[in-house]
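Please treat every number below as a calculation from the coordinates, not as lab data. These numbers were taken from a predicted model, which means no experiment stands behind them. Using ideal geometry, Cβ is built from the backbone for each residue, glycine included, and neighbour counts are taken over all protein chains shown.
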Amino acid sequence: MKDNGGNQTIHKPLSDVAEVVYGTRVVKKRDEGTKYPVYGGGGATFSVDQTNRCDCMIVARFGMSEECVRFVSGEFFLNDSGLTVKSRDRTLLSQQFLDIQLLGRQPEIFALGRGTAQKNLDVSAFKNLPIAIPPLKEQQQIVAILDEAFEGLARARAHAEANLQNAWELFENARAEIFSGLLDNAAIKSLGEISSRVSVGHVGQTSAHYVDDGGVPFLRSQNVRPTGIDINGVKQITEAFHQKLKKSQLQGGELLFVRVGANRGDCCLMPEDLGETNCANIVFARPTEGDIRYLEHYCQSIAGRSRLLNMTTGSAQGVINTKSVATLPIPLPSMADQEQIKEDLDRLRVNVLTLEKSYHAQLQDLDDLRQSLLQKAFAGELT
């Protein structure tokens, strides 16, 4: 092929100007201590001791999401659910320009997915994707402009993330200071002493009892978050299974603790407006003494959480059991003091959540600006 030395942008099918290279199925054992992340249709989920790619753009082949094109830096292993695209002649089409063109056309590529439950890329249609090829000098100018712009966007994102992180740290430090002082000076009772019940949700197989609609909400560890119950993706079980699991039924007003897993020890209050609910892999307590929101703040605090995690049992996989929750020491100042602490901490948390909302809006604005720059680049409006 020859350099597009003219002044006009030409278009060619992807397969004419680039080679589509599939990833490789992982066959080696996933040993601990391996260092190369494995990528495919989504993000990295584990690592292996071999690598087959470095610093390149990958396209999801199986299990597509709207983010079906991503750049991965460093050495990694690409499995067979992803592919890479290599320019055949870089004097005609630079690899950098091809990469950013694919990145900017994610919605178009995602639309080439087939299937409902799981979208898989129609590779034949993908190979026919028309690729814009302006003169090489213009490609280089566009890449340089976008690189500079993306560096600025990355700095803006990092600044917003740092501000949010600092706000949460200030909140957590303030909460920790309050409860550390109370643990030294206030009356102490165990959570079991001030609760009518401490119990554990269902532990065992449940998938056979799931229903798509009309069932009873079934909370699991991923639904318990420090900012409250997250019902996104909540499973539902049959009424019959719900009635069978009497001991794990929730009525509202309980403190829920994640029993096992990556977010072990996370705690939040069970709201009273969810109606009949059941749970799995969650330890819960029903306090009868103390301000419930005060108790929630304490259990979420560094002071309370660290004491709970120190009572984790098991060696291979730590577990928080009912005894750990029941013996958790709780500082109990006067009710007036509890209510004041709750109000002060609630106000601080609302301020941080407001900042977090603003942060997510900033990120969306940055993403929109990034996409707009990419669209302008391929419309010839940047040079």
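Structure data summary
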| quantity | calculated |
| --- | --- |
| Computed log₁₀ I(q)/I(0) - Debye formula, equal Cα scatterers, no solvent, the stretch 239-383, q 0.11, 0.19, 0.22 Å⁻¹ | -0.60, -1.19, -1.34 |
| Potential extension, R197-D367 segment - 0.36 nm per residue separation minus Cα distance | 56.4 nm |
| Cross-link pairs K127/K376; K189/K357; K189/K342; K189/K244; K35/K86 - those with Cα-Cα distance over 30 Å | K189/K357; K189/K244 |
| At R0 = 41 Å, FRET efficiency that the Cβ-Cβ distance of K357 and T91 yields, to 0.05 | 0.25 |
| For I10, distant residues with modelled amide H under 5 Å away | I133 |
| Debye-sum result for the stretch 84-221 in log10 I(q)/I(0), which assumes one identical scatterer on each alpha carbon, at q = 0.19, 0.21 Å⁻¹ | -1.16, -1.23 |
| Rounded to 10°, Cα long-axis angle of helix 335-378 versus longest principal axis of the chain | 10 degrees |
| For the chain: relative contact order, % (alpha-carbon pairs under 8 angstrom, 6 or more apart) | 16 percent |
| Unit charges at the beta carbon, dipole of the stretch 255-383: most positive-side option, A336, Q375, Y298 | Y298 |
| Approximate spin-label separation R347-E19, in nm, with each point projected 7 Å along Cα-to-Cβ | 6.6 nm |
| Gyration tensor (alpha-carbon) shape descriptor, the stretch 1-151, a/c threshold 1.5 | prolate |
| Peptides ranked, highest mean first, by Cβ atoms within 10 Å: ranges 149-159, 212-222 | 212-222, 149-159 |
| Partnerless Cys - the chain, beta-carbon criterion under 4.7 Å | C54, C56, C68, C268, C279 |
| Antiparallel bridge percentage (DSSP; both residues within the stretch 194-348; nearest 5) | 90 percent |
| Modelled label reach - K247, point 7 Å along Cα→Cβ, the stretch 196-231 residues with backbone N closer than 13 Å | 198-204 |
| Estimated vicinal HN-Hα couplings, Hz - the stretch 76-91 in sequence order (Karplus 6.51, -1.76, 1.60; Gly, Pro = x) | 7, 10, 9, 8, 6, 9, x, 8, 10, 10, 10, 4, 6, 9, 6, 7 |
| Radius of gyration and Dmax over the Cα atoms of the chain, both given in Å | 26.8, 83 |
| The stretch 237-295: Rg to Rh, with Rh as the Kirkwood radius over Cα pairs | 0.99 |
| Two-site label geometry, A44 and A208: point separation in nm, points 7 Å out along Cα→Cβ | 3.9 nm |
| Approximate spin-label separation R157-F171, in nm, with each point projected 7 Å along Cα-to-Cβ | 2.3 nm |
